[in-house]
Amino acid sequence: MTTVESVRAIWCRELQAEDISVDDDFFALGGQSLIMVKIQGAFLDELGVEVPMDQMFLNSTVASISAYIDSQAVRAA
Amino acid sequence: MILQGKRVDLPAAPVVHQRFEAHAAATPDAVAVFWAGQEVTYAELNAKANRFAQFLFARGIGRGAKVGVCLDYSTDMLVAILGTLKAGAAYVPFDPAYPSARLQLLLGQVPDLALIVASPATAGMVETADAEIVDLQEMAGQLENLPATAPDVTVTGDDICYAVFTSGSTGTPKLTAVRHEGWFNLMNWLTLEYGLHSGSNHLVVSAFGFDLSQRSLMTPLFCGATQNLMASRNFDAMMAYRMLTERGIRVVHCASSTLYLLIDWENARRGDALTRLDYVLFGGEALKVERLLEWQAREGNTCTLLHQYGVAECTDVATSYDLGAYRTGEHPVPPVGTPAYNTDIHLLDEELRHVAAGEQGEICIAGASVGKGYLNNGPENAKFTTIEVDGQPLRVYRTGDRGHVNEAGELVVLGRIDAQVKVRGMRIDPTDIERALARLDGVREAAVAIAYTEAGEAELIAFTVPAGADLAADALRSGLLETLPRNMVPAHFVNVPRLPLSPHGKVDRVALVDAHRKQNAAGGLAA
C-alpha cells in the first residue's frame, strides 16, 4: 500500500466514514481532537512514523499529511 | 451552609513573582524551565525577566496596564509573564491556536492594553492599531543593555496579575481579572498541602488561553521546581507521553479531557509512565470517572489524581478532591472535595440566604481567591456581590453552579442554575456559539445544546433553522471555525423547522436534544 492508501484507510476507520477523498478537510468531516489523537497513535503503531500534532493540524487532508509523512521518511532514509 | 477552608497566614505582600525571585536568589543554578531541548536556570530566567521588566518600566508600563502575551509555549512565554509582573502590570494570554478573528475580537476587549509580546509565528494574528507588538528575540540586543535587576516597583496583593477570557452570555467573551493575593494563596496551598518541592519536576499540557494553564505555568516556579514545556501549539499526546519518561516528570497539570487522552495513549501502548507520577492535577468535570478509577487501580499505580473545581473569576481553583478516595456507587458523582486555604464555599438560596446543612444551594466563593471582576463587562459584575455573615459584609462570587455538602463535609456539584455548559472541561455559554451561528449565511435562528455520548463525553449539538435550503454541516462548521476556538464548535449540526419554546417562552433545548436522540435511535438523522 502507498502512504496515501494507508493514511486514507486509517482516516476512514477512525472517522467512521467510507467515502473520504484525499482532499477532504479533517475538520469539515467532523473530525475532533479526540479522533486526531487516535490517528496519531495509528500512524505510530501501524506505519511506524511519529507525526507531531501541530503537523496534523497544518496538514488536515489525506493528501497533505501523506506528503508530510513521505518527506519525513525520505529524511530518515 | 458554609464549608470553610483552612486559615493559613500569607505574607504581608503576597506577590507571586517575589516567591520566584526568592528561589532565584537561593538556588540560582537550579533548572527553572526546560523547553526545546534547552535548560534555563532560575538565575538566567530571572535576569531575562528583569530586563524585560526594565524595558516595560522605561516605557511607563506598570500598575494598571495590561500586556498581551501571544506566544507558543516557550521560555520566552515565561520571560514575558514574569517581566510583566515585575513591572507591576498584568498579562493577558492570547492563545495562538485560536482563529485570528477570535483573537482580534478578544484584543478589542482589553482596556489599557499597553503592549503585545508575540513571535514571528504569532504576530500576524494579533496586529492591532491599539498596541505595539514586540518580539523578545528580535529585541534581544536591546534587552542585553538593560540592567539585570528588577525595576523598583511596589506591587500589592490586591493588584491584578493576569486576566483571562471566559465565554459570555452576550456573545462577547468576558475578561476576568485575578489578583496576586489569590494566585499566591492558590499556589501556596498546592505547595504546602501536597508537598510540592524543588524536585517535583512539572509538565503542563493545557492550552495557554485556559484559566487552569496560568497556575499550571507558574506553580513549579513558585515551589522552586522545574517547568517542562512542549514545543507544540496543540495538545500532543505522543510528545507529552514521551516527555514523561525522558524528563522524569513527577507532576502533570492538565484538563480532564487531556487526562483521558493520556490514559488512552498509555493503555493502548501498555506503558506505565503516567502511573509512576506523584500527582496529576486536573480541572474540568470528571465525567468518565470509572475510566479514571480503572486506570488508577492498575498494579503499581502510585499516582494521586487530584480533581480540582473552581472558576476563572476566583483564581481557577476553589476545592480539590483526591479521586482515590472515591468509591463508585457511594455517590452518583464524585465530590469536588474541600476548599483551598483561606477559601470558603457558601451555599446560598435565591435570596442569598444560607441553605441548611445537606440542602442544595448556589455555590458561592469567598476569601482570598475572589478576583477583581470583569474588566470589560460592568453588568456581569453583579455576580460579585456582598452578603452578610455574622453581621459582617462579605464579598462573594456567585458561580451559577448548584451543589450540596455531603456527610463527609465535601462539596458535590449538581449542575448549573442557568444555560451554561461544560465541554471537555471548559465552561461555555451556548449563546456565545448561537450568536456566531446566527451571523452565518442562510441561518435564520440557532440553538446550541449539550448532550452526552454513551461513553459519557459531553458534546455540543447545534440546531439551526435555515432561512432557505437546508444547511450543510461542513459549511456551518467551517464558518464557525473562522471565529470560534475549536472547543466551541459543535460536534453535530441538525436542521430543524423551528425552535421549540418552553412554557416560559425560552428556547427548549431539552426538547431539541430529546427529539434529536429519538430520531437518531430510529436511524434517522446523520450528524
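No lab work stands behind these numbers, since they all come straight from the coordinates. Since we're looking at a predicted model, the values are computed, not measured. Here Cβ is always computed from backbone atoms with ideal geometry, including for glycine, and neighbour counts include all displayed protein chains.
Numbers at a glance
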read-out	value
For A:51-59, mean number of other protein chain Cβ atoms within 10 Å	5
Sites residue B:231 and residue A:74, calculated FRET efficiency, Cβ-Cβ separation with R0 30 Å, nearest 0.05	0.85
Antiparallel content of DSSP bridges confined to the protein assembly as shown, in %, to 5	60
Kirkwood Rh, Cα atoms: Rg over Rh of segment A:3-76	0.92
Which of B:82, B:99, B:146, positive extreme of dipole for segment B:78-150 (C-beta unit charges)	B:82
Using a Förster distance of 56 Å, the FRET efficiency for residue B:154-residue A:4 (Cβ separation, nearest 0.05)	0.35
Order of B:385, B:343, B:122, A:2 under a 10 Å beta carbon neighbour criterion, fewest first	A:2, B:385, B:122, B:343
Inter-chain Cβ neighbour average for residues A:40-47, partner chain, 10 Å	3
Point-to-point label distance, residue B:59-residue B:520, nm (Cα→Cβ direction, 7 Å offset)	4.9
Pairwise centroid distance, computed over Cα atoms, of segment A:1-49 with segment B:235-285, Å	23
Helix B:42-58 vs. chain B, principal-axis angle (Cα, 0 to 90°, nearest 10)	80
Residue B:408 versus residue A:63: modelled label distance in nm, points set 7 Å from Cα along the beta carbon direction	5.6
Which listed pairs, of A:38/B:518; B:48/B:372; B:288/B:518, have C-alpha distances above 26 Å, in listed order	A:38/B:518; B:48/B:372
Volume per residue that the Cα convex hull of the protein assembly as shown spans, once the total is divided by residue count, Å³	169
DSSP bridge orientation in segment B:1-154 - percent antiparallel, rounded to nearest 5	25
Using distinct alpha-carbon pairs, which all enter the 1/r mean, Kirkwood radius of segment B:35-155 in Å	14.4
Stretch gain in nm, segment residue B:290-residue B:22, where the contour uses 0.36 nm per residue and the Cα spacing is subtracted	92.3 nm
Cleavage-rule hits (GluC sites (Glu not before Pro)) in segment B:261-326: DSSP loop, at most 15 neighbouring Cβ within 10 angstrom	B:299
Between helix B:211-222 and chain B: long-axis angle, C-alpha atoms, 0 to 90°, nearest 10	30
Extension gain, residue B:101 back to residue B:327 (0.36 nm per residue minus Cα-Cα distance, nm)	76.8 nm
Averaged over B:235-246, number of beta-carbon atoms from partner chains that fall within 10 Å	3
Segment residue B:138-residue B:441, extension gain: residue separation times 0.36 nm, minus the distance between their alpha carbons	104.9 nm
Ranked by how many other beta carbons lie within 10 Å on average, peptides B:26-33, A:30-37, B:495-502 from highest	A:30-37, B:26-33, B:495-502
Estimated FRET transfer efficiency when R0 is 25 angstrom, pair residue B:301-residue A:34 (beta carbons, to 0.05)	0.60
Mean Cβ count within 10 Å, highest first, over the residues of peptides A:51-63, B:206-218, B:480-492, B:372-384	B:206-218, B:480-492, A:51-63, B:372-384
